[in-house]
Amino acid sequence: MALNRRQFLIGAGGLAAAATTMGLAACAPGSSGGGSQGGGQGGATDLALAFWGNPTRNKNTQAEIDAFMKANPNLKISGQPGEFNTYWDKLATQTAGGNAPDIIQMDMNYISEYGTRGALLDLSAVDVSKFVEGTVDSGKINGKLVGVNAGINSALIFGNAKVFEKAKMDLPADKTWTWDQLIEVGAEVASKAGVAFGVASLMGSDALFGTFVRQHGKELFTGNGLGFDVAEAQAWFDLMLKGQKAKAFGTPEQVSEEQPKPLDQSAIVVGNAAMQYYNSNQLEAVSAAAGEQPKMLRGPSLAGKATERKTWYKASMLWSASSKSKNPDAAIAWINWFANTPDAANIDLAERGIPPNTEILAEVKPKLSSAQKVVAKYIEDIKPEVGETPIAPPPGGGTIQTVIFRHGIDVLFGKTSPADGAKQFVDEMKSNLKV
């Protein structure tokens, strides 16, 4: 199928907004240029490797590239670091022009955009036999493996122990709390501690919305398109409005202003929130920014049973390869090396998330930082609570975080009712999907 730049750019704005919301760190812009050149100096095979990251990931990735080239002297890899918000526009342009990087760091919200258009290489030759159950499925599009999980994370809520101490309250019992109790605790701690947010950043949290939808017996997406309907969307908006009126989630203005803030200015980091939505692999970055380590809290469930909250192991990112690469075997060799060798793991540790390969995790676990060890234990502890891995968002599905937030804010400001906002949200998502 011919590649169209506009098709690949659909959803890029929403994904970029999502990155800002999640507090992803910026790094130096990527270098120009695209895919492989065939033969380099001295007969070496040249490969381009594109990734988004932060200063730590940039340093790690270059060290990994150097280690890989030392072990494979006939291969030359040029790293192309980038900043998340601009990464996807550049990749779309390169892919549409037939000049995509050979090796591509991929995101769950975008993998279908590329995988369904034949832009990604079949990675069935990569050994994923030692991966944790369910963590391989993240990279399968229409039954074909086009992305290999680079690290495991899971959506959760960070708790600020100092704010709870100020309120003279204990942290919530996260194995037994319900969504209503989340509001009750959030309202009480915000009032007693004098902070703006009992809980911050819930409105646009597509992952926690995803667990909420699953607890109602639906999915965010199915093979036929949107997996939920107006009823589930309205229930979410009703919950958000209830929390806002209870003064648990902040005012509409505060919710709107919090959304685009970078991680180091987020409410929990600056002490203006008791709890905030994040992903587990962000514990170290949040801890470094805040100067203290927040507590990891499971998301709520409808019945107050953690085993029924229907969370999942999410791929923090994946490795993919361009189907247009002139050196597909070399691209696959890199991905296989990253997934299965201690040489790579001892450099990256858990910077890209907890390694999905159980043998590799055992190798690096003693070397993890204190925060990474906490994350690794959390990922292991929630194993009985993990449901089936959801399918990747279909093309256009990566806009969900932006779309739900925009319509949800209108509900909080009273511009529309939860029922009307839910219908508009669902209608827009259906129109965005291309299935």
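The values are calculated or read from the model by the stated rules, or taken from the named source; none is laboratory data. Since the structure is predicted, the reported quantities are computational estimates derived from the model, not experimental observations. Positions of Cβ are generated from backbone atoms using ideal geometry, with glycine treated the same way; all protein chains shown enter the neighbour counts. Ligands, DNA and RNA are stripped out before the accessible areas are found, and what is left, the full protein with its side chains, is counted by its heavy atoms. Shrake-Rupley method; radii C 1.70, N 1.55, O 1.52, S 1.80 Å.
Here are a few things to note about the model shown:
- Solvent-accessible area per residue for the chain (1.4 angstrom probe, square angstrom): 39 Å²
- Of all accessible heavy-atom area on the chain, the percent that carbon and sulfur account for (1.4 Å): 50 percent
- Contour minus Cα-Cα distance for Val230 and Glu133 (0.36 nm per residue): 31.7 nm
- Gyration tensor (alpha-carbon) shape descriptor, region 208-352, a/c threshold 1.5: oblate
- Spacing of the modelled spin labels on Ser369 and Lys168, each 7 Å from Cα toward Cβ, amounts to 3.6 nm.
- Within the assembled protein chains, the solvent-accessible surface assigned to Lys90 is about 70 Å², based on a 1.4 Å probe.
- Candidate lysines for bridging to Lys423, where Cα separation is under 24 Å - those fewer than 8 sequence places away on the same chain excluded: Lys218, Lys242, Lys245, Lys415, Lys434
- Reachable aspartates and glutamates, given that their alpha-carbon falls under 16 Å from the alpha-carbon of Lys130 and they are not under 8 places away in the same chain: Glu359, Glu363, Glu380
- Other residues within the sphere of radius under 13 Å centred on the Cβ of Leu241, judged by their own Cβ, net out at +1 (K and R +1, D and E -1).
- Shape category assigned to region 306-349 from the gyration tensor of Cα positions, a/c cut at 1.5: oblate
- Rounded to two decimals, the Cα-based Rg/Rh of region 82-164, with Kirkwood Rh, is 1.08.
- About the Cα centre, charge dipole magnitude for the chain (Lys/Arg +1, Asp/Glu -1 at Cβ), debye: 160 debye
- Hits among aspartates and glutamates - C-alpha to C-alpha of Lys326 under 15 Å, sequence gap 8 or more where chains match: Asp46, Asp102, Asp122
- Where labels lie 7 Å past Cα in the beta-carbon direction, separation of Gln265 and Asp238 in nm: 3.6 nm
- With a simple spin-label model that places each label point 7 Å from the Cα along the Cα-to-Cβ direction, the separation between Glu380 and Lys434 comes to 4.4 nm.
- For region 359-389 versus region 298-350, the spacing of their alpha-carbon centroids is 13 Å.
- When DSSP beta bridges are restricted to pairs lying wholly in the chain, around 60% turn out antiparallel.
- Cα gyration tensor, the chain - rounded (a/c under 1.5), prolate or oblate: prolate
- Accessible area in the full protein assembly, largest first, 1.4 Å probe, for Leu349, Leu283: Leu349, Leu283
- Ellipticity estimate at 222 nm from DSSP helix runs (n ≥ 4, -39,500 (n - 2.57)) divided over the chain, nearest 500: -12500 deg cm²/dmol
- At least 15 Å along the helix axis (C-alpha) and Kyte average at least 0.0, DSSP helices within the chain: 179-193, 328-340, 400-412
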